[in-house]
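In what follows, a single structure is set out as structure tokens and then discussed.
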Amino acid sequence: MKPSSRAVHAGRDLKARSPLAPDLSTAAVHVYTDLDDYDAVAKGERPGYYYGRNSNSNREMLEKAVAELEGAEAGLATASGMAALHTAMLALAPRPVTIVATRELYGGTLALLRQDFEPAGYEINFVDLRDLEAVRRAVSSAGLVLAETITNPLCAVPDLEAIATMARDRGVPFLVDNTFASPILCRPLELRATAVMHSATKYLGGHSDLVAGVVAGDAKAIGAARARSVRTGTTLSPFDAWLALRGLRTLDVRMRRHSENSLVLARAMQEMDGVARVHHPLLDGSPSFAVAQRLLPRGAGGMMAFDLEGGRDAVQRMMSRFHIVTFAASLGGVETTISYPEITSHRSLTPQERAELGVTPGTVRVSVGIEDADDIVADFAQALAS
Ligand SMILES: Cc1ncc(COP(=O)(O)O)c(C=O)c1O
């Protein structure tokens, strides 16, 4: 099956009289009449559910669907993207090691590395993942490599294929945050990454109405991640799993439209008043253009950014003039939204760290929605007109 069909059908096994849309199972616990039967289900030797933190039909369906879409053996759905990242990192590197990552990560990820992993004895070696020589040097002493398919907020695309090969050659696990691309646009496991994770809050769910995460990878890694997630109680609630699966069914059409619209907007913004720079990996002249064309042949999704002359005041002025675009500190929904990394995703960085990354007081991140591209472009154009 092609990915578009897989998004529609993955994770379910329809038989005669099955509900076409899955029932929502909110039960915290299932009853049993036979101790051997309970024992076999609890050991995973027989299919079935027994306690909601351990297993649930809606969660299981979502896990199977995302694993199928990512080309993975298994999946695990968690209470948020951060829970997915945390449990995946600990599954791949349970004891303190050196983690190689770029500084241009989602701010929450950076905070997790600094405030949870570093104090626990992990070392973080920040390198520019686009500099493959620097990556090669760093990987030789690493115990985990962490990358985002498309970086946050400036939308660079590291060469995941080259990094995965270096990591494999050294036996170092490579974890990819595939939130911005989704498995419709990029499947890092096919590029030989070890595991992928998502904030399913974003494109997988797609409607800004749930918070969830998913990890996908081989059965051993996911088994370790699942055991920890069950122990620490970070598994996903049935309703959020149900919503995420419902969103996933339209992932392919949404990603196509997000990708088309973001490129139209990025090109148009290059001509708009007060715009100093536009960041989109598929713009001619983007430093990521060649890698993005190779790794994201179906489009780069809905994320882009731009730098506005005039800093925060200019951003506020634009925001107060919007008719359809709104400010919202998330992404991946059907509506076009903007975010301001200085006070949202990258607020935990110092001004100097943000400047080193290229995140300026005028940097605005856009999550381009699925409205008509003409309406999105027109709203930015009138909001920025002098
Ligand atoms: C790239 C990326 N990874 C992970 C996360 C964390 O996901 P969640 O908010 O679902 O915990 C986010 C949230 O914005 C994100 O943008």
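Of the conditions (1) within 16 Å of the ligand (Cβ to nearest atom); (2) over 18 Å from the mean Cα position of the chain (by Cα), Thr109 fails just one. Which one is it?
(2)
Which one of the conditions (1) closer than 28 Å to Pro3 by Cα; (2) buried (at least 17 other Cβ atoms within 10 Å of the Cβ); (3) in contact (Cβ under 8 Å) with a residue 60 or more places away in the chain; (4) out of contact with any strand residue (DSSP E or B) (no Cβ under 8 Å at 6 or more places or on another chain) does Glu260 fail to meet, given that it meets all the rest?
That leaves (2) as the condition not met.
Look at the stretch 265-318 and say how many of its residues are small (Gly, Ala, Ser) and closer than 20 Å to Gly333 by Cβ.
Total satisfying the criteria: 6.
When you scan the stretch 14-49, how many residues do you find that are assigned to a loop (DSSP other than H, G, I, E, B) and either loosely packed, with under 12 Cβ neighbours inside 10 Å or under 30 Å from the mean Cα position of the chain (by Cα) (or both)?
24
Name every residue in the stretch 295-310 that is touching a residue at least 12 places away in the same chain (Cβ under 8 Å) and closer than 13 Å to Leu185 by Cα, in order of residue number.
Once the filter is applied, which keeps residues that are touching a residue at least 12 places away in the same chain (Cβ under 8 Å) and closer than 13 Å to Leu185 by Cα, the stretch 295-310 yields Leu295, Leu296, Arg298, Gly299, Ala300, Gly301, Gly302, Met303.
Could you list, in sequence order, the residues of the stretch 92-108 that are at pLDDT 95 or above and closer than 24 Å to Asp159 by Cα?
The answer is Leu92, Ala93, Val97, Thr98, Ile99, Val100, Ala101.
Quick one: which helices (runs of 4 or more DSSP H) sit completely within the stretch 283-386 and have at least 3 residues that are closer than 22 Å to Arg254 by Cα and open to solvent by less than 10 Å² (accessible area, probe 1.4 Å)?
So the answer is 373-384.
Hey, does the stretch 310-326 have a residue that's within 15 Å of the ligand (Cβ to nearest atom) and not aliphatic (A, V, I, L, M)?
no
The values are calculated or read from the model by the stated rules, or taken from the named source; none is laboratory data. Keep in mind that this is a model prediction, so the values were computed, not measured. Cβ coordinates were reconstructed from backbone atoms using ideal geometry, including for glycine residues, and neighbour counts include every protein chain displayed. Areas reflect the complete protein model, heavy atoms only, side chains present, ligands, DNA and RNA absent. Shrake-Rupley method; radii C 1.70, N 1.55, O 1.52, S 1.80 Å.
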